[in-house]
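To keep things clear, I will list the structure first and then write my remarks on it.
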Amino acid sequence: MTTVEDLPAGVNDARGRVAELHAIREQVRRGPSERATEAQRAKGKLTARERIELLLDEGSFNEVEPLRRHRATGFGLEAKKPYTDGVITGWGTVHGRTVFTYAHDFRIFGGALGEAHATKIHKIMDMAIQAGAPLVSLNDGAGARIQEGVSALAGYGGIFQRNTKASGVIPQISVMLGPCAGGAAYSPALTDFVFMVRETSQMFITGPDVVRAVTGEEITQNGLGGADVHAETSGVCHFAYDDEVTCLEEVRYLLSLLPANNRENPPSVPCEDPADRSGDALLDLVPADGNRPYDMRKVIEEIVDDGEFLEVHERWATNIICALTRLDGRVVGIIANQPQSLAGVLDIEASEKAARFVQMCDAFNIPIVTFLDVPGFLPGVDQEHGGIIRHGAKLLYAYCNATVPRISLVLRKAYGGAYIVMDSQSIGADLTYAWPTNEIAVMGAEGAANVIFRKQIAEADDSDAMRTRMVKEYKSELMHPYYAAERGLVDDVIDPAETRHTLIRSLEMLRTKHADLPARKHGNPPQ
């Protein structure tokens with residue numbers, strides 16, 4: 001550490017002071033040592049500054065408190081006071097729009113959080129909230145700095161409090177680029193989106209050593225809390241990638257689909273894909289037979305601008321699709337049942353996944369389009385004992401509470417409570433459309449016939465023939481494509497080829513929608 005006594009002669013004039021400043025800045029830019037940088041790269045990881053350069057537009061980064069040092073003593077800390085204290089904070093632009101960021105520098109104290117480190121993060125979070133701009137955290141730290149004791153823990157408390165304060169106000173994105181253990185993992189869990197990189201990033205509350213000591217289970221760090229585990233099993237991670245460069249490119253893409261804050265609309269872009277483009281391929285993509293599966297992603301591709309969309313939680317709860325995309329250059333959120341997975345039923349995980357996505361869209365003024373092909377809720381002891389009632393209610397609550405434009409489209413099946421929950425007209429959808437292949441009913445025709453005509457079927461000489469006749473009668477009376485439309489429960493039955501044009505025209509009309517919720521401190525959603 002340089003002191004006044006160490007400075008060469010003449011350094012006390014203005015030019016000398018400026019030269020000293022540039023020397024210190026260069027030291028800050030280089031980091032603690034070349035050896036530490038090499039160790040970081042040996043793990044397949046970029047440095048904190050390299051990550052910021054990939055995230056932000058070239059030359060746009062403005063650093064805050066680069067010269068900050070900790071004031072802790074004891075355990076040798078007084079002899080080691082590196083600049084930045086292990087976290088780089090500041091703001092820049094992504095696609096020309098202001099974004100705040102902080103990045104843990106694993107080369108300094110393993111990225112561990114101490115009092116000064118936490119204070120820097122608190123400051124940049126406060127600045128992001130006050131400026132109304134997104135916050136991206138680049139996480140690569142070893143948790144609380146043990147040498148600073150409870151001061152480090154209090155630092156985490158300040159981060160959690162600000163995460164909660166910013167929730168629904170500015171987009172918060174957590175990018176996991178290294179370890180994140182213990183209480184540190186709760187900050188990403190409070191944010192809107194979590195990105196992870198395979199092999200190099202892990203998240204867990206208690207590590208493999210503790211698990212082994214308490215339960216006797218042997219497991220690796222990646223097996224316990226790696227990217228694939230959280231992307232496929234726990235649902236903690238929204239996006240997982242093979243490398244940091246691709247990961248940060250996708251963070252930039254996601255930011256291009258989000259508004260700066262809850263008082264703005266998402267950015268629109270010029271669209272060369274004609275709004276009235278016919279979707280004739282849709283007639284062949286979706287089989288009329290309700291028992292035949294198909295890939296809902298292909299349906300979405302055919303309808304949205306240039307076939308492009310960003311799927312959220314792609315590998316978790318795969319029986320429902322949540323995606324951000326554009327229609328005529330304007331951002332929309334799409335929720336759709338996926339008949340290729342569990343026939344598109346709603347279960348506990350699908351309900352949670354879709355509910356959170358609805359809440360995110362509503363918080364950030366993103367219209368919601370729902371594609372229905374749902375046979376109902378998944379039956380079973382595990383689902384009932386796991387709380388499908390309260391978890392399904394989360395999705396119902398989220399839709400009922402949403403004030404953004406909402407359009408639902410019934411492609412094929414829409415049965416029972418799942419039909420109501422998936423943004424039916426009765427819970428507040430602004431417009432509801434259906435294809436001629438729709439079947440909206442309390443349950444499937446076979447099940448309904450077995451209940452309604454149970455006595456006639458049992459007494460018939462040929463019960464199978466009677467059941468077939470009763471199923472046909474039920475379908476013709478209550479499940480024909482125009483039954484719901486005749487009763488005003490569907491606004492129109494449309495040609496599938498006209499879906500894109502119909503949705504775009506409807507969303508254009510709904511752009512000026514204004515809806516207020518009753519005055520209240522906040523709701524009390526299902527747990």
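The values are calculated or read from the model by the stated rules, or taken from the named source; none is laboratory data. On a predicted model such as this, the values are computed, not experimentally measured, just so you know. Cβ placement follows ideal geometry from the backbone for every residue including glycine, while neighbour counts extend to all protein chains displayed. We work out accessible area using only protein heavy atoms, side chains counted, and drop any ligands, DNA or RNA first. Shrake-Rupley method; radii C 1.70, N 1.55, O 1.52, S 1.80 Å.
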Discussion item. If I go through region 170-214 residue by residue, how many of them are surrounded by fewer than 17 Cβ atoms within 10 Å (Cβ to Cβ), under 20 Å from Gly44 (Cβ atoms) and among the β-branched types (Val, Ile, Thr)?
Written reply: 0
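Looking at Ser234, Ser256, which is the one that is of a type outside the set (D, E, K, R), under 23 Å from Val169 (Cα atoms) and surrounded by fewer than 19 Cβ atoms within 10 Å (Cβ to Cβ)? If you could, list the steps in order and put the result at the bottom.
Details: Ser234 fails: under 23 Å from Val169 (Cα atoms).
On inspection, the qualifying residue turns out to be Ser256.
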Worksheet item: Within region 469-482, can one find any residue that is open to solvent by less than 60 Å² (accessible area, probe 1.4 Å), touching a residue at least 40 places away in the same chain (Cβ under 8 Å) and within 14 Å of Thr432 (Cα to Cα)?
Response: yes
Item to complete: Provide a single number: the residues in region 40-58 that are in a loop (DSSP other than H, G, I, E, B) and either open to solvent by less than 40 Å² (accessible area, probe 1.4 Å) or within 19 Å of Phe109 (Cβ to Cβ) (or both).
Response: 6
Practice prompt. Assess whether Asp382 counts as being surrounded by fewer than 20 Cβ atoms within 10 Å (Cβ to Cβ), among the acidic types (Asp, Glu) and outside any helix (DSSP H, G or I).
Written response: no
Worksheet item: Scanning region 137-155 for residues that are closer than 18 Å to Ala48 by Cα, free of Cβ contacts under 8 Å to residues at least 60 places away in the same chain and not in a strand (DSSP E or B), which turns out most open to solvent (accessible area, probe 1.4 Å)?
Response: Ala142
Response to the item:
Ala14 passes all but one of the listed conditions (1) surrounded by 12 or more Cβ atoms within 10 Å (Cβ to Cβ); (2) farther than 24 Å from Phe61 by Cβ; (3) modelled with pLDDT of 85 or more; the exception is number (1)
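What strands (runs of 3 or more DSSP E) completely inside region 264-375 contain at least 3 residues that are touching a residue at least 12 places away in the same chain (Cβ under 8 Å), within 17 Å of Asp423 (Cβ to Cβ) and open to solvent by less than 10 Å² (accessible area, probe 1.4 Å)?
Values: elements: 309-312, 320-327, 330-337, 368-374.
The qualifying strands (runs of 3 or more DSSP E) are 320-327, 330-337, 368-374.
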Worksheet item: Going through region 500-527 one residue at a time, which ones are open to solvent by 20 Å² or more (accessible area, probe 1.4 Å) and of a type in the set (Val, Ile, Thr)?
Response: Thr512
Worksheet item: Assuming Leu248 fulfils every condition listed in (1) modelled with pLDDT of 95 or more; (2) out of contact with any Leu (no Cβ under 6 Å at 6 or more places or on another chain); (3) closer than 23 Å to Pro134 by Cα apart from one, which condition is it?
Response: (2)
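Can you tell which of Gly114, Gly90, Gly158 is open to solvent by less than 40 Å² (accessible area, probe 1.4 Å) and within 27 Å of His522 (Cβ to Cβ)?
Working: Gly114 fails: within 27 Å of His522 (Cβ to Cβ); Gly90 fails: within 27 Å of His522 (Cβ to Cβ).
One residue alone meets the criteria, Gly158.
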